[in-house]
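The values are calculated or read from the model by the stated rules, or taken from the named source; none is laboratory data. No experiment lies behind these values; they were computed from the predicted model shown. When we count neighbours, we look across all protein chains shown, and the Cβ atoms used for this are built from the backbone with ideal geometry, even at glycine. The protein model used for the area step is the full one, side chains on, heavy atoms only, and it has no ligands, DNA or RNA in it. Shrake-Rupley method; radii C 1.70, N 1.55, O 1.52, S 1.80 Å.
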Amino acid sequence: MKESQSEFLEVRGLKYHCRTWGDRKAPLLVMLHGFQDVSASWQFTVDALRRDWFVVAPDWRGYGLTQWSGSDSYWFGDYLGDLEFLLEHYSPQRPVRIVAHSMGAHVS
């Protein structure tokens, strides 16, 4: 099992958790989880990757270790704004590869 690291970022006023795997010098791969899921769910996929990647998997706002906003609901615009911030943080100069499912796919 490949070991993950936790990073916490300030994203649009929330303490955001991102789980990362691999060497930062490897190509970036962003993995976005679905509804009622968390970043750690990608562990099996990361373990099955055949080449080296720097994988970043955020816990969406209100999920996993990412802070809740205090709102009783979230809109896709909230998630989209968060994703825009994260992509700018992790890859300010280049396009990224995204793997996503369920809600994560809708946001991406």
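Selection of segment 12-52 for residues being basic (Lys, Arg) and within 17 Å of VAL96 (Cα to Cα) yields ARG19, ARG24, LYS25, ARG51. Restricted to helices (runs of 4 or more DSSP H) entirely inside segment 36-108, those with at least 1 residues that are touching a residue at least 60 places away in the same chain (Cβ under 8 Å) and surrounded by fewer than 18 Cβ atoms within 10 Å (Cβ to Cβ) are 76-90, 103-107. With the requirement that a residue be among the basic types (Lys, Arg) and part of a strand (DSSP E or B), what does segment 1-35 give you? Scanning segment 1-35 gives LYS15, ARG19. All of SER102, SER73 fail the test of being more than 15 Å from LEU29 (Cβ to Cβ), modelled with pLDDT under 95 and among the small types (Gly, Ala, Ser), apart from SER73. Among the residues of segment 7-24, those that are among the aromatic types (Phe, Trp, Tyr) and either open to solvent by 90 Å² or more (accessible area, probe 1.4 Å) or in contact (Cβ under 8 Å) with a residue 40 or more places away in the chain (or both) comprise PHE8, TYR16.
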